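One structure is given here, and the rest of the page talks about it.
Each reported figure results from applying straightforward, stated rules to the coordinates on display, with no laboratory input. This is a predicted model, so every value here is computed, not measured. Here the Cβ is made from the backbone with ideal geometry for all residues, glycine too, and neighbour counts use every protein chain on show.
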Amino acid sequence: MKLTQGLRMAWHSVYSQRMRTALTVLGMMIGIASVTIMVAIGNGTAEQVKSQMQGLGTNLLTVNVVGRGATTSISLEDAEALVDIEGVSASAPVITGNVTAKYKAATYSTSIAASTPSYAKVREYEVAQGRFIKEIDGAFAQKVAVIGSEVAEELELSDPVGEKLTLGGIPYTIVGVLAEKGSSSGGSNDNLVVVPIQTARVVLQTNAIRTLYVQAAGEQQVDSVQSALEFNLQRFFRNDENSYSVFNQADLLETVTAVSTSMSTMLTYVAGISLLVGGIGIMNMMLVSVTERTREIGIRKSLGAKRRDIMLQFLVEAALIGGLGGIAGAAAGAGGAGYAGKLMDSPASASTDIMLLAVAFSMGVGVLFGFLPARRASKLNPVDALRH
Amino acid sequence: MMSAPGSSLIRLEQLCKSYTMGGQSFLALDHITLDVREGDFMAVVGPSGSGKSTLMNVLGCLDQPSSGTYYLDGVEVERLSDNKLATIRNQKIGFIFQQYHLLPKLRVIDNVELPLIYRGMSRRERRERTIEALQKVGLGDKLHHLPSQLSGGQQQRVAIARALAGQPPLLLADEPTGALDSRTSREVMALLQELGGEGNTIVLITHDPAVAAQARRVVRISDGRLTEEKGAVS
């Protein structure tokens, strides 16, 4: 007997037991759908974490100065001395604040980062138009600004380079626009204005550096740079460890990734159990079917059906039920993953690969759980089966 | 494979079949020796419990004898494996059962086609043979009916068409008129006689002496032993 023949027979039988088939398929569908959704959410979270990691900059350490009393901040020279460490590829001291940017009639409230030319490198900003701030801008305390794409958009600047805007009432010349970078955990990366750190006193009325970005040359150097940095800071703040903190963003993201991975692994196990239950449903239906069709099996055997013909007939039937459940489950899973993605604001979506895998897998479950009933059918004695 | 006309199609030698029931074994078939030649139309007659169903199962390769030998169309079948027996049933035997044993969810044409599917025949050849067999039994116009839409006599004719479709050397009929009224019984018997007249080898198993009388040769079975009654070949 050929496989196509078996498929026709199986379809016939499955179709004539629509209600029973539908319920068994439903069981399978729930299993497959939950697996699909869990895998999609897991992938989505991993994707999200990865993009945030890229949004913050790679191999990045952030020093926050929070000290009270005599030393509440560090100067530009101090900052340079602190990061004189082997393995540091770039560092950027930053004075941050909020400011109202104004261009012609449009105003927009944005954050300002007064920093050095290295800022673009450590935060991984690209310049879309014009240029970034340069050493010479700082040396002469030039009032020049590089604006984020969102700021350009909000101020309705179509050709910003060379235009003048005011920051807190002080006129600045726009020398460049940053390329769009999207959002990360800290909010939008495109809503900011970068000015030379030497001009911070003018707009922000301070030159106290409280943030220092330090980029290690490579992943392996991050830890050694961190400990050297902490050593320098400890000396600088005279053992007052509460005055500063060093924040390793890769560490945090690693923790977040680990948590989300173990969560989704656990949920996938739970979903796997529902798939097992679906498989048991198939086995149950097939066992009932074999008992009901004992006489049919006897007739088929008397007409010359071999064991493997009967086996094939029932296995194809089980695989068909599994496959139908898989298709329905993959479809429901894709819908559910999209909805869950919206709900959790993560890019969770079921890929075609996962869906195809789900269908193939559920057919496999069908075959696996159909094996025992099929074997039982194939081993029936024709004389007894006919008498049934 | 075809043997010369008149040669033995079935040869049983000292064939026994024993069953164990309640710790006691008894012989359902007691040292049966039988020769059926090609073209014979033979009836096996006996009351219920005489062993005729057991004989039918053994002859039909549905069951295996406990001892003795059984040659069917030149092949010694009593020690063959399950799969080989399935092939023998498929190619050498056409069954006609008392309860017709049609598959209720399949159309007439699909029912008749079944043995040919298990033979691995191409779709076109199957169609041809199936339609030919159904025309032979006078049901060429009922191809797409379901068995439940037919009368008992018609259903039995479908079963006969199914037995004929594979053109097996042996037709084995187990009480073919047992579930039919007397008028349709006569029709079915007329069809069997016609088939017998065309040179088909038919073994008919029945409890009804009137049905048995229509065969050219009759053997009686009682308590598992065979005795010739009519038309024995010496």
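If you place +1 on the Cβ of every Lys and Arg, -1 on the Cβ of every Asp and Glu, and leave all else neutral, what size is the dipole of the protein assembly as shown about its Cα centre, to the nearest 20 Debye?
It works out to roughly 2800 debye.
HN-Hα J couplings of segment B:159-167 from phi, Karplus 6.51/-1.76/1.60, θ = phi - 60°, integer Hz, Gly and Pro as x?
Computed from phi, the couplings for segment B:159-167 are 4, 5, 4, 5, 5, 7, 4, x, 6 Hz.
Positive end of the charge dipole of the protein assembly as shown (Lys, Arg +1 and Asp, Glu -1 on Cβ, about the Cα centre): tell me which of A:Ile37, A:Ile280, A:Gly335 has its Cα farthest that way.
A:Ile280
Counting Lys and Arg as +1 and Asp and Glu as -1, what is the net charge of the other residues whose Cβ lies under 15 Å from the Cβ of A:Thr96? Can you show the working numbers first?
On the way: positive: A:Arg123, A:Arg201, A:Arg210; negative: none.
Charge balance near A:Thr96 sits at +3.
Roughly what % of DSSP beta bridges within the protein assembly as shown run antiparallel, to the nearest 5?
Antiparallel: roughly 70 percent of the beta bridges in the protein assembly as shown.
Could you calculate the FRET efficiency of A:Arg308 with B:Ala213 from 1/(1 + (r/R0)^6), where r is the beta carbon distance between them and R0 is 30 Å, rounded to 0.05?
Computed FRET efficiency for A:Arg308 and B:Ala213: 0.10.
Counting only other residues whose beta carbon sits under 11 Å from that of A:Arg293, what net charge do I get with K and R as +1, D and E as -1?
Within the 11 Å Cβ shell, the charges total 0.
Output the 0 to 90 degree angle, nearest 10, between the alpha-carbon long axis of helix B:82-92 and the longest principal axis computed from the alpha carbons of chain B.
Roughly 60 degrees, rounded to the nearest 10.
Which net charge results when you count Lys and Arg as +1 and Asp and Glu as -1 among the other residues whose beta-carbon is under 13 Å from that of A:Glu150?
Working: positive: A:Lys181; negative: A:Glu153, A:Glu154, A:Glu156, A:Glu180, A:Asp190.
Within the 13 Å Cβ shell, the charges total -4.
Report ³J(HN,Hα) in whole Hz for each residue of segment A:40-49, in order, from the Karplus equation J = 6.51 cos²θ - 1.76 cosθ + 1.60 where θ = phi - 60°; Gly and Pro get x.
Once θ is set to phi - 60°, the couplings for segment A:40-49 become 5, 5, x, 5, x, 5, 4, 4, 5, 4 Hz.
Say R0 is 25 Å: what FRET efficiency, to the nearest 0.05, do A:Glu77 and A:Glu180 get from their beta-carbon distance?
FRET efficiency, A:Glu77 to A:Glu180: 0.10.
Percent of alpha carbon pairs in segment A:72-236 separated by more than 21 Å?
47 percent
So for segment A:72-236, taking the charge dipole from beta-carbon charges (+1 Lys/Arg, -1 Asp/Glu), which of A:Ser227, A:Gly169, A:Pro196 sits furthest toward the positive end?
A:Gly169
Loop only by DSSP, 13 or fewer other Cβ within 10 Å of the Cβ. Give me the trypsin sites (Lys or Arg not before Pro) in segment A:238-310 that pass, ordered by residue number.
A:Arg238
With the Cα gyration tensor of segment B:59-218 giving a ≥ b ≥ c as the square roots of its eigenvalues, does the rule (a/c under 1.5 for rounded; else a/b larger than b/c for prolate; else oblate) give rounded, prolate or oblate?
Note, shape of segment B:59-218 comes out oblate.
Measure nothing but the geometry: give the 0 to 90° angle between the long axis through the Cα atoms of A:249-292 and the longest principal axis through the Cα atoms of chain A, rounded to 10°.
Between the helix axis and the principal axis of chain A, the angle is about 10 degrees.
Do you know the relative contact order of segment A:72-236, to the nearest whole percent, from alpha carbon pairs under 8 angstrom that are 6+ apart?
Normalised by residue count, the contact order of segment A:72-236 is 33 percent.
Taking amide H positions as placed in the peptide plane 1.01 Å from N, state which residues far from A:Ile74 in sequence (5 or more) or on other chains have amide H under 5 Å from it.
Hits under the 5 Å cutoff: A:Ile209.
Among the DSSP beta bridges whose two residues both lie in chain B, what percent are antiparallel, rounded to the nearest 5?
55 percent
Say R0 is 30 Å: what FRET efficiency, to the nearest 0.05, do A:Met344 and A:Arg20 get from their beta-carbon distance?
The formula returns an efficiency of 0.25 here.
Counting other Cβ atoms within 10 Å, which GluC sites (Glu not before Pro) in segment B:151-204 have at most 12 and lie in a DSSP loop?
Here the sparse-neighbourhood loop sites are B:Glu198.
Assuming 0.36 nm per residue, please report the length gained on full extension of the stretch A:Val277 to A:Phe231 beyond their Cα-Cα distance. Working shown, then result.
Values: separation 46, 0.36 × 46 = 16.56 nm, distance 5.75 nm.
Fully extending the segment from A:Val277 to A:Phe231 adds 10.8 nm.
Where nothing but the Cβ of Lys and Arg (+1) and of Asp and Glu (-1) is charged, how large is the charge dipole of segment A:72-236 around its Cα centre, in debye to the nearest 20?
Rounded to the nearest 20 debye, it is 580 debye.
From the square roots a ≥ b ≥ c of the eigenvalues of the alpha-carbon gyration tensor of segment B:1-126, which class results: rounded (a/c under 1.5), prolate (a/b over b/c), or oblate?
Prolate.
To the nearest 20 debye, what charge dipole does chain B have about its Cα centre, counting +1 at the Cβ of each Lys and Arg and -1 at the Cβ of each Asp and Glu?
That gives chain B a dipole magnitude of about 600 debye.
Rounded if a/c is under 1.5, else prolate if a/b beats b/c, else oblate: with a ≥ b ≥ c from the C-alpha gyration tensor eigenvalues square-rooted, which is segment B:47-98?
Values: a/c = 2.09, a/b = 1.34, b/c = 1.56.
It comes out oblate by the Cα gyration axes.
What is the pair-distance distribution P(r) of the protein assembly as shown, computed from all Cα-Cα distances in 10 Å bins starting at 0, with each bin given as a whole percent?
3, 13, 16, 13, 9, 7, 7, 7, 7, 8, 7, 4, 1, 0
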